[in-house]
Each structure stands twice: as structure tokens, then as C-alpha cells.
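Everything on this sheet refers to the single structure shown next.
The numbers here are math on the coordinates, done by the rules we state, and not lab data. The shown structure was predicted, so the numbers you read here are calculated from the model rather than taken from an experiment. With ideal geometry, Cβ positions are generated from the backbone for all residues, glycine too; neighbour counts draw on all protein chains shown.
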Amino acid sequence: MHWEYLGGDTLLPCELLVVLPLPPSVNHQYATVNGRRVLASTGRLYKKAVASHLLTVLRQSSHRTEFLSKLESHALSLSLRFYFKTALRRDLDGGLKIAQDAICQSIDLNDNRITEIHLHKDLDAVRPRLECLLAIQEPITRSTRASRSLSMVPKTSHRNSPQS
């Protein structure tokens, strides 16, 4: 992984920005072993490197405790900005899942807490990278009223439909 010259990592009370190398392409993320698709060594190494980098950023920030405590009770948004060398070489969504998993797993966060995702594709032939912004949104509130089930929804009657 090429981590040099990436820079720009910041942790504030309500957002974490990390600049990472581009994840491996989908073709290099997975392998077939005994007929099953599994994360290939390239994907495992990427996730391990992201975790190490992210934990270093957290460890060095004075906002670490406040940020981590808000993760437990707030909805989250994830913005991924991919800077590729060329416009047509890679798909925008190919790095989404591995980047999301790497970030969430490294801070022991279930990725179902992310309620909003933004993907961006830009070009930088000199410095390809992935800028990830994990932002705290509104607090999660638990609804006190019962949710409606399908049985509570009235069925549409065809009797009142105009006849042809």
C-alpha cells in the first residue's frame, strides 16, 4: 500500500476524514476457494492497513472520546471520493463495500448504522487516493408507536372501480 504523501487526516467531534490508497479493484478483492467467493489476500491486506491507519488517527486525536461516544447513538453518513488516474479505468462503486467494511470494522461499528452514502469520482493522475468522510448525523430515536403491519393497511376494493 502506498501511504506516503496522502495526508489530510482529521478527526473532529462529529466527523472523521481519512485519506487512503485506492482499494484493490473488484477483480482483485475476491477469490474463489472450493467454489466459494472469499476475500482475497489483497483485500485482507487492504482492510488490515486501513484499520492500522485509522486507529493511529484516532489515537492521536483529542476528539477521540467524544467522536467514539457519538457513534453509539447517532446515524452516520459516509462520503467516499475516489481520485483515479484515468476516468474510464475503474467503476465508481467497485471500492464502496471494501472501503465501508474496512472503516467500520476497524472501529467496531456495524455498517448498518450508515444511513446515507455519497460516492464521487474525480481524477488525479499524480496522486490517486480515496478520501473517506464518516460524519455523525442526527441522534437515533426509537419510535414509541407501533409500526404498521400489512394487515393493518386497508385493501383496495375493486367494486368501486369505474366499469368500462
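Taking a spot 7 Å from the Cα of D122 along the direction of its beta carbon, which residues of the stretch 43-87 have an amide N less than 13 Å from it? Within reach of a label on D122, which here means backbone N under 13 Å from a point 7 Å along Cα→Cβ, the stretch 43-87 contributes 80-85.
Cross-link partners for K97 among the lysines, with Cα-Cα distance under 25 Å and sequence neighbours closer than 8 places in the same chain left out: K47, K48, K70, K85, K121.
The string of couplings for the stretch 8-18 from the Karplus curve (6.51, -1.76, 1.60, θ = phi - 60°) is x, 6, 9, 10, 10, x, 10, 7, 10, 10, 10 Hz, one whole number per residue in order, with x for Gly and Pro. Starting from the Kirkwood Rh over alpha-carbon pairs, what translational D in µm² s⁻¹ does the stretch 11-105 have by Stokes-Einstein at 25 °C and 0.890 mPa s? Answer, rounded: 164 µm²/s. Near the amide H of L12, within less than 5 Å, lie the amide hydrogens of L17, all on another chain or at least 5 residues away, with H placed in the peptide plane.
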